[in-house]
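Accompanying notes for the structure given below.
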Amino acid sequence: MESEPGAGGPIRIGQEPRNRRQAVAKTMWVGVWLLYLAGPVAQLLQPGVPAAERIWGGLGITLFVLSYVLLVFRHMWWKMTGLLQYGGPALMLALATALSWTLGFSWLVLFIFTSVACAVVLPWRESRWAIPLVTVVLLAVGVRYPEIRGYYLFAYGLPALGVGFMMVGVQHLIHTTAELRAARQEVARLAANDERLRLARDLHDLLGHSLSLITLKSELAGRMLPDRPSDAARQIADIEQVSRQALVDVREAVTGYRRPRLAVELAGARTALRTAGVQVTADPALEGEHRGLATDAESALAWALREAVTNVVRHSGAQRCELLLAEEWEADERCCLCLTVIDDGAGPPRTQHDGNGLSGLRERLALAEGRLETGPAPRGRGFALRAYVPLAADRRSAAAPGSAAAPAPEISPEPAADPA
């Protein structure tokens, strides 16, 4: 999981470091690959190496490393353009060619770093030709050393080509990830804007007419007060009635905004279970619309889903959780919608009374003419909760018992306590 902005969490691919800790981590991740230069450095430190060769090799590898670090690290913080973008890889290719030609075959490893720099810095149109070019130059220089002629192709040529194109794929992944983050932020912004527009439209529809009527009647009552107090009193009574109705409408609207929805609770349940390390399987029917399901009944099912998932996360110790939704026919020929939550955890407690959570849930379901059943999971291990709510009368008459959805797994009616 990604940490919140500003937190000292994991390294974010394709994003600038947000603090010193992430900057150090990114620096170490890039710098650790420089250990592959140990071969050329060890060659320079061997006894008997001429001083001129040591000076040339030391200056060359220092300039090469500085060029590599400058290109890679500057590209991490901002995209390079112009002379530095193309001149840097060209300088690295020239240094790799000169050093490996004059100092020995161990310096051929510089071409791999050059290939990586081309993949990171250059656009795809240029890097797809630059990486094979670097590999061809490597093979041409390697011919100079007959003792490794059959070996350097696999030791240096294939890594230079493969790592280069692998880094091209990483760069494409970084760009795609950045675009997805931007798209996600845009979707969230548009959703919030749509919600604000809906709220503004609802408030206008609820209060626009009422407030206009209150204003008009207030002005009329003000003109009537000196000479016609009885008529003014009637206008004031009308104002009181309109304002009370407007208050009722606003309260109903606010209640509708706060009412839990099954699809919304499903998203929260998935997040909570995955965060707790519980593998979740959700019935696609939970995300759909259900004709004949009253708002109060849907709210009761949403509360049931929230309470059941909370208990799974806090008390069950489960590894798996299954969320099901199905239509069932009762003995009195009522069509009900049944939400089933099954886990493979510790199972129901031995106490025979409900806790506060399940007691409150039973009351919510009872207000919606539903009921709650709890007990052991049907597969023997774990806990199962089933919440029933009735569908509307028109839905019952439209469906036949034989066409109802497959019933949810049966559980024993044994009540179980809610440890919460």
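The values are calculated or read from the model by the stated rules, or taken from the named source; none is laboratory data. From a predicted model like this one, the values you see are computed outputs, not experimental measurements. Cβ sites come from the backbone with ideal geometry, for glycine too, and all protein chains shown count toward neighbours. Heads up: the accessible areas ignore ligands, DNA and RNA and are worked out on the full protein's heavy atoms, side chains in. Shrake-Rupley method; radii C 1.70, N 1.55, O 1.52, S 1.80 Å.
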May I ask you to give the percent of accessible area on region 261-371 that is carbon plus sulfur, with a probe radius of 1.4 Å? 48
Apply the Karplus curve 6.51 cos²θ - 1.76 cosθ + 1.60, θ = phi - 60°, to the phi angles in region 165-182 and return the couplings in whole Hz, x for Gly and Pro. 6, 5, 5, 4, x, 5, 5, 5, 4, 4, 5, 5, 4, 5, 5, 5, 4, 5
Which percent of the accessible area of region 86-139 is formed by carbon and sulfur heavy atoms (probe 1.4 angstrom)? 77
Which order do peptides 48-59, 274-285 fall in by mean Cβ count within 10 Å, highest first? 274-285, 48-59
Most packed first (mean Cβ within 10 Å per residue), the peptides 181-187, 163-169, 228-234 order as 163-169, 228-234, 181-187
Let me make sure I get this right: for region 98-217, a, b and c are the square roots of the gyration tensor eigenvalues over alpha carbons, sorted descending. Under 1.5 in a/c it's rounded, otherwise prolate if a/b > b/c, else oblate. Which is it? prolate
Can you tell me the order of 109-122, 129-142 when each peptide is scored by its average per-residue count of other Cβ atoms within 10 angstrom, highest first? 109-122, 129-142
Suppose all protein chains stay in the model; what accessible area per residue would a 1.4 Å probe give for region 220-371, in Å²? 56
What are the ³J(HN,Hα) couplings of region 228-235, residue after residue, when phi is run through the Karplus curve with 6.51, -1.76, 1.60 and θ = phi - 60°? Round to Hz, x for glycine and proline. 10, x, 5, 5, 5, 5, 5, 5
I need the phi-derived Karplus couplings for region 374-389: 6.51 cos²θ - 1.76 cosθ + 1.60, θ = phi - 60°, integer Hz, Gly and Pro marked x. 9, x, x, 5, x, 8, x, 10, x, 10, 10, 10, 10, 10, 10, 9
Can you bin region 277-322 into rounded, prolate or oblate? Criterion: square roots of the alpha carbon gyration tensor eigenvalues sorted a ≥ b ≥ c, rounded for a/c under 1.5, prolate for a/b above b/c, oblate for the rest. oblate
